[in-house]
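S.K.: This is the structure I want to talk about, given as structure tokens.
The values are calculated or read from the model by the stated rules, or taken from the named source; none is laboratory data. Everything quoted here is computed from the prediction, not taken from an experiment. No Cβ is skipped: glycine too gets one built from the backbone with ideal geometry, and neighbour counts run over all protein chains shown.
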């Protein structure tokens, strides 16, 4: 715990300073100092500051995750090459080829975890501020005794921001906690699924790494749902807000910088083609070229009987019974056709 406290103590002060700054801003525009929505917007402001600071790392995470997926076919070839070879030389050669692949493709397997790793201490710092300092009304940094008492008693929908599902007997608290936990789980699932299904080519989804990602796609929301009953309402608001931010931010990045061969890249090319042709955005077609105009087929006109060639039916008409049995007698008059017998 001593090492953890050493890491989290400065972050708790940073969290406290940001919260007090936003709280001062909202009270300056007329919101009540002890109001629940004042402290709710303060937590949302904390999310915005943190996520803006993490934007460069978030873009790197998107690119790193995409790169790891795209090189999986080559990774599979390396693994197949050394399959069943457990000697030291083979393992070393496999490691060297893998690292060479990372270097050649500019892929960093650790970059995809950086935003989560860097955000986790901030999350735990906020958890401790809300769960320890505010619930037990212990001042920290700029969070004075008066402010922690106000934050501890702040309510939205009749629910304290410092209350938890598991430690509360208030039904409103349990209902709001369940709603926020469900929102937190759904946004986590949607964000991960958006990354896998829209920004990955089909060839990159059939490998062990992608299978692990699919497992996490369903496991992470369950973990959040189970652990969320211990989180204060304020922490649930923080986590749900940051998930919504991640979902929107990821949607923007995937839309602008899709992975090669992914459905998102195909959609980007279609949008650009429609824009060049001046087509409205709503006309989404698999083939971006407009179909040729359809006109009514012109029906052939029936010639007058006087202008027909002998023995030839009028264009667009079926031969009549009499037409088939008549032929010209040489004087412009039609006579009976000779019988086969002569």
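S.K.: Taking the condition within 30 Å of residue 104 (Cβ to Cβ), crowded, with 16+ Cβ neighbours inside 10 Å and within 30 Å of the chain's Cα centre (by Cα), does residue 77 pass?
M.R.: no
S.K.: Among all residue pairs at least 6 apart or on different chains, which show Cβ distances below 9 Å where the first residue, located in region 140-166, is on the phi > 0 side of the Ramachandran plot and outside any helix (DSSP H, G or I) and the second is modelled with pLDDT under 90 and exposed (fewer than 15 other Cβ atoms within 10 Å of the Cβ)?
M.R.: 158/170
S.K.: Taking the condition of being surrounded by 10 or more Cβ atoms within 10 Å (Cβ to Cβ) and not in a helix (DSSP H, G or I), how many residues in region 84-104 meet it?
M.R.: Residues flagged as surrounded by 10 or more Cβ atoms within 10 Å (Cβ to Cβ) and not in a helix (DSSP H, G or I) within region 84-104 amount to 1.
S.K.: A further question follows. Could you go through region 15-29 and let me know if any residue there is in contact with a helix residue (DSSP H, G or I) (Cβ under 6 Å, 6 or more places away or on another chain) and farther than 19 Å from residue 127 by Cα.
M.R.: Yes: region 15-29 contains one or more residues that are in contact with a helix residue (DSSP H, G or I) (Cβ under 6 Å, 6 or more places away or on another chain) and farther than 19 Å from residue 127 by Cα.
S.K.: Which is modelled with pLDDT of 80 or more and either assigned to a strand (DSSP E or B) or more than 20 Å from residue 35 (Cα to Cα) (or both), of 169, 107, 173?
M.R.: 169
S.K.: Let me ask something else about it. Please state which one of 54, 70 is in contact with a helix residue (DSSP H, G or I) (Cβ under 7 Å, 6 or more places away or on another chain), within 22 Å of residue 261 (Cα to Cα) and buried (at least 18 other Cβ atoms within 10 Å of the Cβ). Break it down stepwise before answering.
M.R.: Numbers: 54 fails: within 22 Å of residue 261 (Cα to Cα).
Of the residues listed, the single one that is in contact with a helix residue (DSSP H, G or I) (Cβ under 7 Å, 6 or more places away or on another chain), within 22 Å of residue 261 (Cα to Cα) and buried (at least 18 other Cβ atoms within 10 Å of the Cβ) is 70.
S.K.: So, one more: Can you confirm whether region 223-236 contains a residue that is touching a helix residue (DSSP H, G or I) at 6+ places or on another chain (Cβ under 7 Å) and at pLDDT below 85?
M.R.: Yes, some residue in region 223-236 is touching a helix residue (DSSP H, G or I) at 6+ places or on another chain (Cβ under 7 Å) and at pLDDT below 85.
S.K.: Tally time: how many residues in region 52-74 are more than 23 Å from residue 122 (Cα to Cα), part of a helix (DSSP H, G or I) and modelled with pLDDT under 80?
M.R.: The total comes to 8.
S.K.: In this structure, does residue 45 turn out to be surrounded by 17 or more Cβ atoms within 10 Å (Cβ to Cβ) and either touching a helix residue (DSSP H, G or I) at 6+ places or on another chain (Cβ under 8 Å) or closer than 20 Å to residue 155 by Cα (or both)?
M.R.: For residue 45, the condition - surrounded by 17 or more Cβ atoms within 10 Å (Cβ to Cβ) and either touching a helix residue (DSSP H, G or I) at 6+ places or on another chain (Cβ under 8 Å) or closer than 20 Å to residue 155 by Cα (or both) - is met.
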